[in-house]
Structure formats: C-alpha cells, structure tokens
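Notes follow the structure.
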Amino acid sequence: MHERIYVCHTFYHVYVACLKEFHIMHEATLGGDKASNGSNSIGRATLVLSKMSNKFGSIVQRARECGLFEEVIEYDEKEDTFFPELKPLRTNTGSLVKNMINRIRFCKRFGQLQEKYIPVDFKKYKDIYVFCDSDPIGYYLNYKHIYYHALEDGLNCIKYGDTARYDNNGHFKFKAFMSAIGLIFIQNGYGKYCLDMEVNDISILDYPCKKYIEVPRKDLTDELQKADKELMLKLFIENMDELKKQLDEGKDKPRVLILSEPLCELPVRKQIFTDLVNEYSKVDGKDAIVMIKQHPRDYLDYNELFPDLIILSGNFPMEMLNFIEGLKFDRLVSVYTVVDSIKFVDEKIFLGDDFMDKYEAPEIHRINEQIKD
C-alpha cells in the first residue's frame, strides 16, 4: 500500500503538494503527535500531472529528480467533449426529471470512459488528494467508489466563484442530496466519496459546506526552511540565472508587476492588458519598469504584443518569487488572481468584477451573484 498521491492540474497545485509534503517532513522531524503519519513515509508520495489543461514541460523530469516524490506520472485526462456519445446526455431537455435521469447516466458513463486513461491504481493509496475534482478525475473516483480528499483549485478561489453552486444553480439542495448518495457528482465537497475539502479560509466563504476543513496556506509556508525554498526554486525555475537577470532590471526606478490571466477571447485579452500597461506604467508620476508575469494557461504572445516590456515565464507559480531574496516591486496588478500570499510588493491592486464589467457581459464573470438556493 502506497502512502499518498496528489492529482494536479496546474503549477499552483504542484506548489501546494510540495507544501504538504514539507509539512509532513517537519512534523516527523519535530516528533509531534502526527509524526507516525509521516516519519516512515517521507518521499513516498506519488505526483500525478494532468496534461488536460496545463503544459508542465520540463518540470516533469525535475520533479522526478528532486527527491520529494516517490514517483511522478503524467495523466492523459480527457474532457467530456472528447467522447461524442456524452453530448446528448448534456443537452437540456426542458424537463427537470429527464435532465436528472440524463445526468445520472452521464456521471456513470463519463467515469467509465475515463477509466482507460487512468495511469495508476488509486485503490493502492492510503490518501488521495485531488485538486479541482470538477475535472474528469472526480467523476472517475465517484464512479469507482474511491474516497479522496479535495483541495481548492486556487487560493480563496471559492470566495470569488463558487463553481459547485453556480454549476448547479436552481434546486441545489436536491442536487446536493443526489450527489451525497452517489447518483450524480458535484465537486468541491458535495460528492459522496469526497472525505473533506481543504480551503485556505472558511470565514470568507458565503456558502458553508460541512466537508470544508481549513488548512491555511500561510501556516504551511511559514514552516518552510531555507533548504525547502531552494529545493522548490530548483523544481519550478528552469533557468534561475535568466530569471534573476530579468528581475534585476530597473532597480533604480519604480517597478510594476502585472499578472496575466487567460481572460476572454484573444482580441479582448489583448485590449485588457494593453489598457493595464497604459494605466499602470507610472508610479507617483514617474515612469516605471513594467513586467508581466505570464499565466501558465495564457498563451497570448506577450513578447510580440509588448516588445519593450519584460515578460516573465508562465512555467512557474508566482509564489516562487516570494523565495527570491531581495526581490521588491512597488506595485502588483491582478484582475482575478488572488495575491494575498505575495510578500514582495508595497502595493497590491486587485481589480475584480468591476474592472471586467468594461470588457464582457457581467453575467459571465459575476458568478456568485447569480447563485440561487
């Protein structure tokens, strides 16, 4: 029987998996109450990297070599649109009863179809951790009656978009009951085989779920030692010398970091970030050095769009910048990426829904406001 397995869909997920592994190591070292859970299992976790929505690239090999994981496996996860036979089961019939029957059939069949792509025997693991169980892996585990732990997709992401309730708007309590008994599947703590769901801060969430458990990310990062941070930098950063050279630009001037995100269609996205660069290219009236940190799933060519700006790679989570000693920015600008954990800036600007109202219909991004009980 193996100890733990993490199913990750993004670089941020891998980052949190690393934090959890370091936490187990530190508990074992300190000989705390939970030491028996970790003392004999250090380096015995399996890391599964889904290729469905993220290009992990060279980090796969570095993860295999870093010593933090027993095994690193790529997973060819398939979306429901990959299987044409599922389309009729996703079509609105106009009848609640018929829709529910189709949904029961969909959840079971989707799990069955996913099975041939599953790269490991999950029943051989004591603890299964799944980030973003709304993805096909959640349907598979539900279909196979395999219990697992869920983790929030991004830092405090449910606060800004409670996808479980939004995706199941209308008659939610009934649908949640159907999920709790295993007839359908709902993500984020509502599935029958989801043991619990880790979130950063329960107090900020509008809608409670009995399976939420609070595991503050700050507590995990505060435990990190210098060697831990260095290991993670080697894991996530392919060329540290090149990154440091970029980050050293303009230290004698005000410096602004803008976080890119895969927002809207490409023409609208170009306009959004052109406007942001124009708006925030000065600090206190002085011209600033502007850098853009590319989002891992944003494939807009920012080097072509902004040839005079410094574009940081999207192949690592922004939290890695916290580990670079002496790094400092005057301002950080984000549309939706939660920046609460960032330590290297003087001013954080989170734009949110009011900003996005200017670029697309509000109902597209104002998710929580449309949730009905």
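Determine whether the stretch 306-314 contains at least one residue that is modelled with pLDDT of 95 or more, touching an Asp or Glu at 6+ places or on another chain (Cβ under 7 Å) and outside the structural domain of LYS159 (by TED's automatic domain parsing). Looking for residues that are modelled with pLDDT of 95 or more, touching an Asp or Glu at 6+ places or on another chain (Cβ under 7 Å) and outside the structural domain of LYS159 (by TED's automatic domain parsing), one finds at least one in the stretch 306-314, hence yes. Restrict the check to the stretch 75-90 and report whether at least one residue is polar (S, T, N, Q), exposed (fewer than 14 other Cβ atoms within 10 Å of the Cβ) and over 22 Å from the mean Cα position of the chain (by Cα). For the stretch 75-90, residues polar (S, T, N, Q), exposed (fewer than 14 other Cβ atoms within 10 Å of the Cβ) and over 22 Å from the mean Cα position of the chain (by Cα): absent.
Taking the criterion of being at pLDDT below 95 and in contact with a His (Cβ under 7 Å, 6 or more places away or on another chain), the only residue of the stretch 127-171 that qualifies is CYS132. What about ASP127, is it crowded, with 16+ Cβ neighbours inside 10 Å, part of a loop (DSSP other than H, G, I, E, B) and in the same structural domain as ALA176 (by TED's automatic domain parsing)? Spelling it out, it is not the case that ASP127 is crowded, with 16+ Cβ neighbours inside 10 Å, part of a loop (DSSP other than H, G, I, E, B) and in the same structural domain as ALA176 (by TED's automatic domain parsing).
The residues on offer are LEU327, LEU305, and the sole one that is closer than 27 Å to GLN225 by Cα and touching a residue at least 12 places away in the same chain (Cβ under 8 Å) is LEU327.
One line per residue, one yes/no per condition, for (1) outside any strand (DSSP E or B); (2) at negative phi; (3) out of contact with any Cys (no Cβ under 8 Å at 6 or more places or on another chain):
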site	(1), (2), (3)
MET197	no, yes, no
ASP206	yes, yes, yes
ASP219	yes, yes, yes
MET232	yes, yes, no
LEU235	yes, yes, no
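Right, LEU235: surrounded by 19 or more Cβ atoms within 10 Å (Cβ to Cβ) and closer than 26 Å to CYS18 by Cβ or not? Yes; evaluated as a whole, the condition is true for this residue. Looking at GLN294, GLN246, just one residue is in contact with a Gly (Cβ under 6 Å, 6 or more places away or on another chain) and of a type outside the set (Lys, Arg), and that residue is GLN294.
Of all the residues in the stretch 160-180, those that are of a type outside the set (Lys, Arg) and in a helix (DSSP H, G or I) number 12. Screening LEU113 on (1) farther than 25 Å from LEU47 by Cα; (2) touching a residue at least 24 places away in the same chain (Cβ under 8 Å); (3) out of contact with any helix residue (DSSP H, G or I) (no Cβ under 6 Å at 6 or more places or on another chain) shows it passes everything except condition (1). Of ILE213, ILE258, all but one fail to be of a type in the set (A, V, I, L, M, F, W, C) and either touching a residue at least 60 places away in the same chain (Cβ under 8 Å) or assigned by TED's automatic domain parsing to the domain that holds MET318 (or both); the exception is ILE258. Residues that are touching a residue at least 24 places away in the same chain (Cβ under 8 Å) and closer than 28 Å to TYR336 by Cβ do not occur anywhere in the stretch 97-104. Pick from GLU360, GLU347, GLU319: which is acidic (Asp, Glu), buried (at least 16 other Cβ atoms within 10 Å of the Cβ) and out of contact with any Pro (no Cβ under 8 Å at 6 or more places or on another chain)? Unique residue meeting the criteria: GLU319.
Before we move on, is ILE342 of a type in the set (Val, Ile, Thr), at pLDDT below 95 and buried (at least 18 other Cβ atoms within 10 Å of the Cβ)? So ILE342 fits the description; yes. Based on what the data block shows, is LYS270 within 30 Å of GLY67 (Cβ to Cβ), among the basic types (Lys, Arg) and assigned to a helix (DSSP H, G or I)? No.
Scanning the stretch 176-195 for residues that are in contact (Cβ under 8 Å) with a residue 40 or more places away in the chain and at negative phi yields MET178, LEU183, ILE184, PHE185, GLN187, GLY191, LYS192, TYR193, CYS194, LEU195. From the list GLU347, GLU363, GLU369, the lone residue that is outside any loop (DSSP other than H, G, I, E, B), within 20 Å of GLU265 (Cβ to Cβ) and without any contact (Cβ under 8 Å) to a residue 60 or more places away in the chain is GLU363.
The values are calculated or read from the model by the stated rules, or taken from the named source; none is laboratory data. In this text the structure is predicted, and so the values were computed from the model without any measurement. Methodologically, a virtual Cβ is constructed for each residue, glycine included, from the backbone with ideal geometry; neighbour enumeration extends over all protein chains shown.
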